[in-house]
């Protein structure tokens with residue numbers, strides 16, 4: 001099979017898998033902390049087998065890189081915790097839309113800490129995403145969510161996006177390190193972080209609960225990482241960015257089909273604004289041509 005075709009299939013599968021995780025989290029009936037803990041456990045077992053098979057366990061990391069990977073793991077685990085908790089407060093659809101502000105968090109952090117260019121085009125997409133956020137925040141939550149829960153869910157999704165951006169910046173420092181190994185370290189860090197707080201004395205007592213937890217760990221973590229990293233190695237960046245928007249679309253469809261959550265008009269417009277702005281940011285779209293957005297421009301402060 002052609003590399004581009006196989007990469008597209010892998011990326012699509014990874015995004016579809018990611019889009020369904022909210023359903024598994026909610027129907028598991030388990031505390032979010034326990035879901036994330038077992039995700040790390042079963043994900044670690046899967047990634048350990050993969051890394052061993054690929055020969056990635058033979059002294060690739062030094063202490064500095066190991067420390068960076070572990071720090072990224074802390075950020076990723078906090079990201080999962082906040083995002084999963086937000087599902088039950090603001091709905092999967094709203095949480096996923098707000099979570100897609102992560103590219104703007106990454107740009108902002110890059111501008112503050114690494115003096116990266118902040119162009120007119122990026123500022124435009126940032127303003128559009130901010131307008132989308134306002135529409136979502138100002139929307140009246142449905143009867144299933146109280147106002148305080150709704151706003152708390154939005155804040156948690158924003159927090160999840162922030163920690164994802166932190167993890168992405170750290171991973172940039174690990175360029176050249178096998179990504180499957182980075183993922184393995186991250187989930188191992190999650191096990192150590194959450195083990196003292198997981199409810200290990202009251203384990204799930206039915207096969208259904210265990211099957212859901214195993215699926216989240218093996219499929220939504222181990223398999224998803226394998227598919228994602230395989231696709232990234234085969235596809236150009238713009239195609240990876242385009243296909244990544246399958247994830248929020250699937251998540252919104254799952255939320256509607258499984259739980260009957262319909263976005264109100266203002267929420268729908270807000271979510272659309274955020275996703276379009278994120279696409280524009282990721283894919284380098286520009287609403288107009290400007291000298292400020294050329295390679296010779298100075299950063300906009």
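The slack between residue 31 and residue 195, meaning 0.36 nm per residue of separation minus the straight C-alpha distance, is 57.7 nm. Computed over the chain, relative contact order equals 43 percent, with contacts defined as Cα pairs under 8 Å that lie 6+ residues apart. Cα centroid separation, the range 39-117 to the range 184-255: 11 Å. Within the range 3-293, the ratio Rg/Rh, alpha carbon atoms throughout and Rh by Kirkwood, equals 0.96.
Sorting 214-227, 86-99, 36-49 by their mean Cβ neighbour count within 10 Å, with the most densely packed peptide first, gives 86-99, 36-49, 214-227. For the pair residue 2 and residue 287, the difference between a 0.36 nm per residue extended length and the Cα-Cα distance amounts to 99.2 nm.
Any read-out appearing in this document is the output of simple, stated calculations on the displayed coordinates, not a laboratory observation. All of these numbers come straight from a predicted model, not from anything done at the bench. Note: ideal-geometry Cβ built from the backbone for every residue, glycine included; neighbour counts use all protein chains shown.
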